[in-house]
Amino acid sequence: MKVIVCGAGQVGFSIARHLALENNDVTVIDQDPALVRRVSDTLDAQGVVGHASNPNVLEQAGIADADMIIAVTYADEVNMVACQIAHSLFDVPTKIARVREQIYLQPIYANLFSRDHMPIDVIISPEIEVARAVSRRLQVPGAFEMIPLVNDKVKLIGVRCEETCPLVNTPLRQLTELFPDLNIVIVGLMRDSKPMVPTADDHMVPGDEVYFVVDSEQVTRAMAAFGHEEREARRLLIFGGGNIGLFLAQAIEKEHDWVKAKIIEADQERAEQISGMLENTMIINGNVLDPEILEEANISQTETVVAVTNEDETNILASLLAKRYGCKRAITLINTGTYEPLINSLGIDVVVSPRNITISTILQYVRRGRIHSVHTLREGFGELIEAEALETSELVGRPLKEVKLPPGVLLGAIVRDDEMICPRGSTVVQTKDRVVLFAAEDVIHQVEKMFSVQLEYF
């Protein structure tokens with residue numbers, strides 16, 4: 001597949017990296033020669049210096065025979081115009097654009113991006129996606145990750161193993177013996193910041209970050225098995241009243257009306273603006289790093305803080321201050337990838353990465369075939385994929401122990417008739433089953449190659 005990526009920033013570079021690793025024909029456009037040079041020097045991709053909405057630059061990048069354009073520059077208007085040109089002049093089949101400015105996404109302008117006007121097939125709003133991701137994490141206290149899959153029949157959960165975790169030093173193969181009626185499959189581990197695709201003989205140690213797939217009705221029990229029995233927060237404090245903070249507060253008012261939420265916003269005009277857009281959320285105008293403001297917000301009685309200001313450093317420091325003053329849990333927005341390895345040692349509970357969330361959303365539309373969702377767990381780790389098994393699949397009709405999957409691929413769940421089935425050696429996949437699988441980054445291409453003909457998975 002030939003893909004044009006407009007923008008070589010964090011998201012554009014990461015998307016290009018993912019696609020290049022899978023042997024796609026990738027060209028990246030950016031105005032910054034240094035960023036383009038980085039693409040050309042480090043990725044198996046071409047780089048073009050220029051303005052992404054310039055037809056000549058797009059033509060130079062090979063837009064004429066491209067299958068897809070992904071526009072993720074810093075300017076919404078450039079992204080939109082690039083997609084318009086790709087459609088009108090070059091008839092590119094699939095057009096994806098990142099649009100941050102919410103005015104374009106208001107319902108009254110819903111027709112703007114139709115095929116007859118400014119045709120964009122997929123619009124990514126990072127602020128909305130991040131707010132949704134934070135809202136999901138609030139539903140499972142004690143987890144640093146929570147992703148609903150297969151119409152919320154199963155969930156991917158990420159938890160940290162503490163010293164008190166009952167499952168520490170227990171071989172994974174014994175989990176079935178210990179919990180015979182618990183539908184849970186461990187699909188990934190992070191140990192000392194290094195990813196592991198676990199085998200049945202592996203065991204967890206304190207400090208491990210564990211990813212598992214579980215029946216949605218058994219989440220509470222699964223969390224208890226890992227020693228996490230935290231209650232859902234009822235008092236929430238949001239640092240930052242930008243779009244993410246506003247969308248999160250609106251979601252809480254709509255979906256979690258038992259939660260008492262407050263927002264601290266430094267800009268007085270913005271604080272006044274959002275106060276008129278929220279009904280049950282208290283707005284405090286002040287600096288999130290000011291102890292007096294935190295005291296006014298009753299930080300000592302707050303169960304969870306969500307730091308979503310525009311500055312990573314402020315988010316980190318405010319989260320640490322909140323925990324020092326008695327807050328139990330901190331969810332922190334981090335845009336800079338280099339900060340992420342430091343977070344655990346600092347005591348921050350959950351990191352939210354807009355980059356990873358945006359990449360996951362885009363990859364969902366890049367994958368070919370019967371792919372229903374794609375989620376990037378960690379940069380350089382792998383992807384969790386939800387797909388539909390077709391009758392031509394070699395998975396279908398025979399026990400899984402007879403199916404040869406590439407190393408680094410784990411089946412996490414099979415959903416049939418709205419019920420989760422834990423994959424075992426004797427399990428037989430049937431046509432139209434929803435299959436949830438994890439694929440390590442270095443074998444994603446093998447999975448695609450293996451399944452593309454028979455399964456049309458990708």
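The values are calculated or read from the model by the stated rules, or taken from the named source; none is laboratory data. Bear in mind the structure is a predicted one, so any value in this text is a computation, not a measurement. Neighbour counts run over all protein chains shown; Cβ positions are idealised from the backbone, glycine included.
Based on what the data block shows, is Thr427 farther than 28 Å from Cys161 by Cα and modelled with pLDDT of 90 or more? Reasoning before the result, please.
Working: farther than 28 Å from Cys161 by Cα: yes; modelled with pLDDT of 90 or more: yes.
When the stated conditions are applied, Thr427 passes them.
Looking for whichever is surrounded by 20 or more Cβ atoms within 10 Å (Cβ to Cβ), out of contact with any Ser or Thr (no Cβ under 8 Å at 6 or more places or on another chain), among the basic types (Lys, Arg) and in contact (Cβ under 8 Å) with a residue 24 or more places away in the chain here; the options are Arg132, Arg137. Which one fits? Talk me through it step by step, then tell me what you get.
Numbers: Arg132 fails: surrounded by 20 or more Cβ atoms within 10 Å (Cβ to Cβ).
Sole residue among the options that is surrounded by 20 or more Cβ atoms within 10 Å (Cβ to Cβ), out of contact with any Ser or Thr (no Cβ under 8 Å at 6 or more places or on another chain), among the basic types (Lys, Arg) and in contact (Cβ under 8 Å) with a residue 24 or more places away in the chain: Arg137.
Return the residue satisfying two criteria in turn: it lies in segment 203-249 and is in contact (Cβ under 8 Å) with a residue 12 or more places away in the chain and of a type in the set (S, T, N, Q), and of such residues it is farthest from Gln268 (Cα to Cα).
Going through the qualifying residues, I end up with Gln218.
Return the total of residues in segment 394-426 being under 22 Å from Thr176 (Cα atoms) and assigned to a strand (DSSP E or B).
12
Restricting to segment 368-424, count the residues that are β-branched (Val, Ile, Thr), under 24 Å from the mean Cα position of the chain (by Cα) and at pLDDT 85 or above. If you could, list the steps in order and put the result at the bottom.
Filtering segment 368-424 for residues β-branched (Val, Ile, Thr) gives 371, 374, 376, 385, 392, 396, 403, 409, 414-415, 421.
Subsequent filtering for residues that are under 24 Å from the mean Cα position of the chain (by Cα) retains 371, 374, 376, 385, 409, 414-415.
After this cut, where a residue has to be at pLDDT 85 or above as well, the list is 385, 409, 414-415.
Looking only at that region, the number is 4.
Could you tell me which numbered condition Ser360 fails, if it satisfies all but one of (1) touching a residue at least 40 places away in the same chain (Cβ under 8 Å); (2) surrounded by fewer than 23 Cβ atoms within 10 Å (Cβ to Cβ)?
Here Ser360 clears every test but (1).
Need the failing condition index for Leu182 against (1) in a loop (DSSP other than H, G, I, E, B); (2) within 25 Å of Glu386 (Cα to Cα); (3) in contact (Cβ under 8 Å) with a residue 60 or more places away in the chain, just the number.
Leu182 satisfies every listed condition except (3).
Looking at Ala71 and the list (1) out of contact with any helix residue (DSSP H, G or I) (no Cβ under 8 Å at 6 or more places or on another chain); (2) closer than 20 Å to Val122 by Cα, which single condition is not satisfied?
Answer for Ala71: the failing condition is (1).
Mind listing whichever residues of segment 93-122 are crowded, with 20+ Cβ neighbours inside 10 Å and either assigned to a helix (DSSP H, G or I) or not assigned by TED's automatic domain parsing to the domain that holds Ala64 (or both)?
Answer for segment 93-122, where residues must be crowded, with 20+ Cβ neighbours inside 10 Å and either assigned to a helix (DSSP H, G or I) or not assigned by TED's automatic domain parsing to the domain that holds Ala64 (or both): just Phe113.
Is it true that Asn335 is surrounded by fewer than 22 Cβ atoms within 10 Å (Cβ to Cβ), outside the structural domain of Asp442 (by TED's automatic domain parsing) and touching an Asp or Glu at 6+ places or on another chain (Cβ under 8 Å)? Can you show your working first?
Values: surrounded by fewer than 22 Cβ atoms within 10 Å (Cβ to Cβ): yes; outside the structural domain of Asp442 (by TED's automatic domain parsing): yes; touching an Asp or Glu at 6+ places or on another chain (Cβ under 8 Å): yes.
Spelling it out, Asn335 is indeed surrounded by fewer than 22 Cβ atoms within 10 Å (Cβ to Cβ), outside the structural domain of Asp442 (by TED's automatic domain parsing) and touching an Asp or Glu at 6+ places or on another chain (Cβ under 8 Å).
Is there any pair with a first residue in segment 145-164 that is at positive phi and a second that is of a type in the set (S, T, N, Q) whose Cβ atoms are under 8 Å apart and which are 6 or more apart or on different chains, and what are they?
Listed pairs, sorted by first residue: Asp152/Ser216.
Only residues that are in contact (Cβ under 8 Å) with a residue 40 or more places away in the chain and over 19 Å from Ala440 (Cα atoms): list them for segment 396-420, please.
Those that are in contact (Cβ under 8 Å) with a residue 40 or more places away in the chain and over 19 Å from Ala440 (Cα atoms): Val415, Asp418, Glu419, Met420.
Can you pull out every residue in segment 29-49 that is within 10 Å of Cys6 (Cα to Cα) and assigned to a loop (DSSP other than H, G, I, E, B)?
Gln31 - this is the single residue of segment 29-49 that is within 10 Å of Cys6 (Cα to Cα) and assigned to a loop (DSSP other than H, G, I, E, B).
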